[in-house]
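What follows is a single structure, written as structure tokens, with notes after it.
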Amino acid sequence: MGTCCRPALRQKNTKMNNILIFGASGQLGQCIQNVASLKGISPVVFLPEEEADILNVDGLARLFDQYQPAYVVNCAAYTAVDRAEDDAAVAEKVNRMGAENLAVECVKHDAVLIHISTDFVFKGDVARPLTEDDEAKPISVYGKTKLDGELAVAKVLREHFIIRTGWLYSEYANNFVKTMLKLGGERDELKIIADQVGTPTYAIDLADFILMIISTGSKAYGTYHYSNEGVTSWFDFARAVFDISDTKVKAIPIRTDEYPTKAVRPAYSVMDKSKAKQTFNIEIPYWRDSLIKCISKLQ
Ligand SMILES: NC(=O)C1=CN([C@@H]2O[C@H](COP(=O)(O)OP(=O)(O)OC[C@H]3O[C@@H](n4cnc5c(N)ncnc54)[C@H](OP(=O)(O)O)[C@@H]3O)[C@@H](O)[C@H]2O)C=CC1
Ligand SMILES: Cc1cn([C@H]2C[C@H](O)[C@@H](COP(=O)(O)OP(=O)(O)O[C@H]3O[C@@H](C)C(=O)[C@@H](O)[C@H]3O)O2)c(=O)[nH]c1=O
């Protein structure tokens, strides 16, 4: 078990204000660890998959009994968008059943669940920022299983926050920014899709948002959209990565049909974040400003 700070002394069946993070060794899990440690937020218990499989119902029951959490953050997910097309049963288990298992334990232990979801729950055929009230109509197995997870959480547990985010990147784990930096250093030119539009999200900013919800004890439960501010395409995002990092590579804009992938991705998945901004009175960083911060840490 990784802990940012020592969890409070074990006291069976007494609420201990513990914050349990599932999927702790993934990208977002590591960002939460980083931000919690910088801000001195405790006690946070970081649970990587080896120690906390969200599909192991008995194991989860033991962990909840042991830690009596006040908050649970579900960063665990099946995130391989293309692989999910051929591995739908496993993706469904992790993204729906895993989320449901956590929600069931939260009900038993009177804990709040913060569950992370995706812009890929949208079809992406409407070219305007999508609100939480817009219909979710996923076009990939990953998107469908994530929507199923949202529905399962909302059905089982009232005290939940579902946070839909998109295009996550950071200095941790695998993501588009790190892929571009790697490929940009190896190749003379790169072809990048220019007709898929969305908003990148620095996972450190998202971690900050999640920990703010927890530390304020907000009871404004429900679904929220959170990405960075602004709008871009994968091509423009990659160009910004190359410009900021001074990577000399020729970036060539292409259409989606020129870059065949197993999964279909939404053409337009910009999310409207008014609800999160108004409810929590927050300012969200512009995507390029956050990208500069991330790249300065990577270099
Ligand atoms: N990455 C992105 O661009 C986006 C992500 N999201 C959502 O944000 C959340 C965090 O994503 P991110 O951190 O980037 O994803 P990662 O893939 O980096 O992390 C997910 C973690 O979940 C773990 N995991 C998988 N199966 C289980 C299981 N059965 N029990 C416990 N842990 C498990 C993985 O472990 P292992 O690697 O060992 O399998 C991995 O460490 C997810 O809900 C994702 O759907 C939303 C929008 C964009
Ligand atoms: C590597 C590469 C990718 N691309 C395109 C493919 C794809 O449309 C887009 C992004 O590719 P990636 O595979 O890095 O990202 P992808 O896995 O599609 O990212 C998604 O992940 C899941 C988990 C989410 O929830 C989404 O919000 C989104 O972030 O860039 C190129 O055009 N050229 C390239 O050289």
In the range 55-86, the residues that are without any contact (Cβ under 8 Å) to a residue 12 or more places away in the chain and away from ligand 1 (no atom under 13 Å from the Cβ): 58, 62
Flag for residue 127 being of a type in the set (A, V, I, L, M), more than 16 Å from ligand 2 (Cβ to nearest atom), out of contact with any Leu (no Cβ under 6 Å at 6 or more places or on another chain) and within 24 Å of residue 202 (Cα to Cα): yes
Residue count, the range 115-156 (criterion: among the hydrophobic types (A, V, I, L, M, F, W, C) and in contact with a strand residue (DSSP E or B) (Cβ under 6 Å, 6 or more places away or on another chain)): 5
Criterion violated by residue 34 - all others in (1) polar (S, T, N, Q); (2) open to solvent by 60 Å² or more (accessible area, probe 1.4 Å); (3) within 13 Å of ligand 1 (Cβ to nearest atom) satisfied: (2)
Pairs, first within 18 Å of residue 232 (Cβ to Cβ) and more than 8 Å from ligand 2 (Cβ to nearest atom) in the range 163-184, second of a type in the set (Asp, Glu) and not in a helix (DSSP H, G or I), C-beta under 7 Å, six or more apart: none
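Of the residues 127, 80, 89, 76, which is small (Gly, Ala, Ser), in a loop (DSSP other than H, G, I, E, B), at negative phi and open to solvent by 50 Å² or more (accessible area, probe 1.4 Å)?
127
Quick test for you: out of 100, 105, pick the one residue that is open to solvent by less than 50 Å² (accessible area, probe 1.4 Å), in a helix (DSSP H, G or I) and over 25 Å from residue 228 (Cα atoms). Steps first, answer last, please.
Numbers: 100 fails: open to solvent by less than 50 Å² (accessible area, probe 1.4 Å).
Exactly one residue qualifies, and that residue is 105.
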Neighbours by Cβ (under 6 Å, 6+ apart or cross-chain): first from the range 266-278, open to solvent by 10 Å² or more (accessible area, probe 1.4 Å) and more than 16 Å from ligand 2 (Cβ to nearest atom); second of a type in the set (Phe, Trp, Tyr) and assigned to a strand (DSSP E or B): 275/224
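Do you know which residues across the range 165-174 are of a type outside the set (A, V, I, L, M) and in contact with a helix residue (DSSP H, G or I) (Cβ under 6 Å, 6 or more places away or on another chain)?
Within the range 165-174, 165, 166, 169, 170, 171, 172 qualify.
The values are calculated or read from the model by the stated rules, or taken from the named source; none is laboratory data. None of these values were measured; they are calculated from a predicted model. A quick note on method: Cβ atoms are made from the backbone with ideal geometry, for glycine too, and the neighbour counts reach across all protein chains shown. Just the protein is used for accessible areas: all its heavy atoms, side chains included, with ligands, DNA and RNA removed. Shrake-Rupley method; radii C 1.70, N 1.55, O 1.52, S 1.80 Å.
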